[in-house]
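First comes the structure, then the notes that go with it.
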Amino acid sequence: MSLQPLIADFERMLRSERYYSPHTCKNYRRDLELFAAFISDRGIDDWLKVDYNDVSAFTAKRFRQGCKGNTIQRELSSIRGFYNHLIRQHKAQRNPAQDVKAPRSEKKLPQTCDSEQLDRLFKEHGNDDDLRIRDLAMFELMYSSGLRLAELVSLDLDSIDLRQRHMAVTGKGSKTRHLPVGRKAVDAINRWLRVRGNLVKDTTESALFTARSGRRLSHRSVQKRLQQLSQQQQLGGHITPHVLRHSFATHMLESSADLRAVQELLGHADIGTTQIYTHLDFQHLAQVYDQAHPRAKKRSGSS
């Protein structure tokens, strides 16, 4: 089986059957093309000729090139997913990447915003234009419900019930989950809906959030608008849509300590993915401890 056609077939499956975002599909394709180039250099022109040693050699090379463990792990995940697809189609009988391990790397704690930064980010002005009103509604909703960027841009007008304050979101693997919507987000969306008609002239357009053209917003447009807004408000750090999602998860866990609930809200298939936020919560608890515990507080004048 030649290399490139099957990569294209796998990508089509991810788009049409699993409804993965264009960005995710692009990452899968890039990982597989990188691996295809590697095995081609080893004289392999058929996916069925790849074995455990080939995949191990690939991970070793990537490590020598300075790639971090999480990058190599993602590439291995792409290769495993590709071979599992071939097995389901009865084009392969084994997965050569199944038992290959990526080198461990230190987990970086995700960047988050504190409440003061969020207040500044969401601050309204009396003379806000239509696009700024839309932006505030989008980012209030992202933080309110912990949405992924792809989930936000895919929302339709009928995805959200503002009266009942909940919405249906289709996440990874085309799985639907129902999420609550906070009062601040509801108010911001109502404000946006009152001016949405100024941009959207096509009454058949179903997208909740649209561009100036009246069409559904792209991922890149949302990222760019958030970056511009954070710069205007002079917020420190690089604020991205994922930072808002991280902030939601962290603040929810600090308040409730219910890891399972946060897992459900975020749409994580594996609770291990959600556990990264327990490290952030521990940092918060440690700070409180240092400030409050009699044996931890520093006393002025003490040695």
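A few remarks follow.
- Residue list for region 62-103, filter: β-branched (Val, Ile, Thr) and farther than 18 Å from Ala8 by Cα: Thr71, Ile72, Val100
- Criterion applied to Ser154, Ser159, Ser145 was being among the small types (Gly, Ala, Ser), out of contact with any helix residue (DSSP H, G or I) (no Cβ under 6 Å at 6 or more places or on another chain) and within 20 Å of Thr250 (Cβ to Cβ), and the one residue passing it is Ser145.
- Restricting region 21-79 to residues that are assigned to a helix (DSSP H, G or I) and touching a Pro at 6+ places or on another chain (Cβ under 6 Å), the residue that is farthest from Arg148 (Cα to Cα): Tyr52
- Among the residues of region 189-220, those identified as within 24 Å of the chain's Cα centre (by Cα) and either surrounded by 15 or more Cβ atoms within 10 Å (Cβ to Cβ) or within 16 Å of Leu157 (Cα to Cα) (or both) are Ile189, Ser206, Ala207, Leu208, Phe209, Thr210, Ala211, Arg215, Arg216, Leu217, His219.
- Once region 204-248 is narrowed to residues that are of a type in the set (Gly, Ala, Ser) and touching a residue at least 60 places away in the same chain (Cβ under 8 Å), the residue that is nearest to Lys123 (Cα to Cα) is Ser230.
- Leu131 assigned to a loop (DSSP other than H, G, I, E, B), closer than 23 Å to Leu193 by Cα and touching a residue at least 60 places away in the same chain (Cβ under 8 Å): no
Computed from the coordinates by the stated procedures, all read-outs in this text should not be read as laboratory data. Quantities reported herein were computed from a predicted structural model and do not represent experimental measurements. Don't worry about glycine lacking a Cβ; one is built from the backbone with ideal geometry, like all the others, and counts go over all protein chains shown.
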